[in-house]
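One structure, pasted below without further comment.
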Amino acid sequence: MDITDFSRDFFSLEGKNAVVTGGNTGLGQAFSLALAKGGANVFVPGLAEDDGTTRELIEAEGRMMAFYEADITRPGVPRRVIEGCVQTFGSVDILVNSAGICKIAPVEEFGRAEWDPMVGVNLTAPFELAFEAAKFMVPQRSGKIINIASMFSFLGGQWSPAYAATKHGVAGFTKAYCDELAQHNIQVNAIAPGYFATRITEATRADPEADRRVLDHIPAGRWGEVADLMGTTVFLASRASDYVNGHVLAVDGGYLVR
């Protein structure tokens, strides 16, 4: 490509179809809306549809949303999710593995009952979804797989060893999939959000001491807003990132530098 060929169209997702797990709540909703604003239709598997807000936001962009009731940790469901997107929209061009859970307990209280569900949602399901999506992306010689990592892909995981282990695993399988799929013009990357102002962090932000401890570690001096992730999502889902592969991109206000 000559440098004069580059244009804003490189960021367009016009005609693309995306699967976003957990795409109707929290950060997942921001990923879904970002893709819709970029031009993509969005297929959202989840345990329950929201109050319709996500659909309204996406349809307001002139894009389509399809909700598919599914537990992505059950055998065979990831395959049905990917096939459902293809049957509904005609292709699967983008996969965002956004769904995730985090349970907190001291190490001596963190057993298999806490470990297994987190591994299932945070690591096994993204692997299976990527595995199924690749079956369609390889023949079409294009695709974008975006995994959601974490600060705990780089750090330890006090009070949640399973969360840290799964997010380290997400970073590892992102790189492994890149190593095999790059030759097929498929880009596999991950976004590692820092500390964001969401429902999950409400208790921390409401505790002045805990809130200050987090903010003191962020050079930007503020918690992330979900909108801070939207540009990164469009970039990694678009042609603009065609030579970015196997990367874990921190969106953290500088958290990792301290």
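The values are calculated or read from the model by the stated rules, or taken from the named source; none is laboratory data. Since the model is a prediction, treat every value here as computed from it, not as a measurement. When we count neighbours, we look across all protein chains shown, and the Cβ atoms used for this are built from the backbone with ideal geometry, even at glycine. Areas reflect the complete protein model, heavy atoms only, side chains present, ligands, DNA and RNA absent. Shrake-Rupley method; radii C 1.70, N 1.55, O 1.52, S 1.80 Å.
Can you give the net charge of the other residues whose Cβ lies under 15 Å from the Cβ of G46, counting K and R as +1 and D and E as -1? Numbers along the way, then the final one.
Values: positive: R55, R74, R80; negative: E49, D50, D51, E69, D71.
Here the count lands on -2.
Pairing the Cα long axis of helix 77-89 with the longest principal axis of the chain, what angle in degrees results, from 0 to 90 and rounded to the nearest 10?
40 degrees
Please give me the summed charge of the neighbours of S160: other residues whose Cβ is under 9 Å from its Cβ, Lys and Arg +1, Asp and Glu -1.
So the environment of S160 carries a net charge of 0.
So, one more: Express the relative contact order of the chain as a whole percentage, based on alpha carbon pairs under 8 Å and six or more residues apart in sequence.
Values: 488 pairs, mean separation 50.6, N = 258.
Computed value for the chain: 20 percent relative contact order.
Follow-up question, since we're still on this one. Return the lysines within reach of K103: Cα separation strictly under 30 angstrom, same-chain partners fewer than 8 residues apart disregarded; answer none if there are no such residues.
Answer for K103, where 30 Å is the Cα cut-off: K144, K167, K175, listed by chain and number.
Now, a different point. Mind giving me the nanometre distance, one decimal, between the label points for Q87 and A203, set 7 Å out from Cα along Cα→Cβ?
If labels sit at Q87 and A203, their model points lie 4.0 nm apart.
Can you tell me the accessible area per residue over the chain, all protein chains present, probe 1.4 angstrom, in square angstrom? Write out the running numbers ahead of the final one.
Values: 12580 Å² over 258 residues.
Accessible surface, normalised per residue, equals 49 Å².
Rounded to the nearest percent, how much of the accessible area of the chain (1.4 Å probe, protein heavy atoms only) is carbon and sulfur? Walk me through the numbers before you get to the answer.
Details: 6660 of 12580 Å².
Ligands and nucleic acids excluded, carbon and sulfur reach 53 percent.
Starting from the Cα of D211, step 7 Å along the direction of its Cβ; do the same at Q183; then give the gap between the two resulting points in nm.
Label at D211, label at Q183, 5.3 nm between them.
Here's a follow-up. Using only helices, what value at 222 nm comes out for the chain when you add -39,500 (n - 2.57) per DSSP H run of length 4 or more and divide by the total residues, to the nearest 500 deg cm²/dmol?
Details: 9 runs with 100 residues, N = 258.
It lands at -12000 deg cm²/dmol.
Multiply the residue separation of E108 and S142 by 0.36 nm, subtract the distance between their alpha-carbon atoms, and state the gained length in nm to one decimal. Could the numbers behind the result be given before it?
On the way: separation 34, 0.36 × 34 = 12.24 nm, distance 4.56 nm.
Additional length available on full extension: 7.7 nm.
Net charge around G76, counting only other residues with Cβ within less than 12 Å of its Cβ (Lys, Arg = +1; Asp, Glu = -1)?
Here the charged neighbours net out to -1.
Okay, which of region 30-72 sit inside 18 Å, backbone N to the point 7 Å along the Cα-Cβ direction of R8?
Residues 34-40, 61-62 qualify, since their backbone N sits under 18 Å from the label point.
So, in nm, how far is label F131 from label E49 when the simple model puts each one 7 Å beyond its Cα toward the Cβ?
3.0 nm
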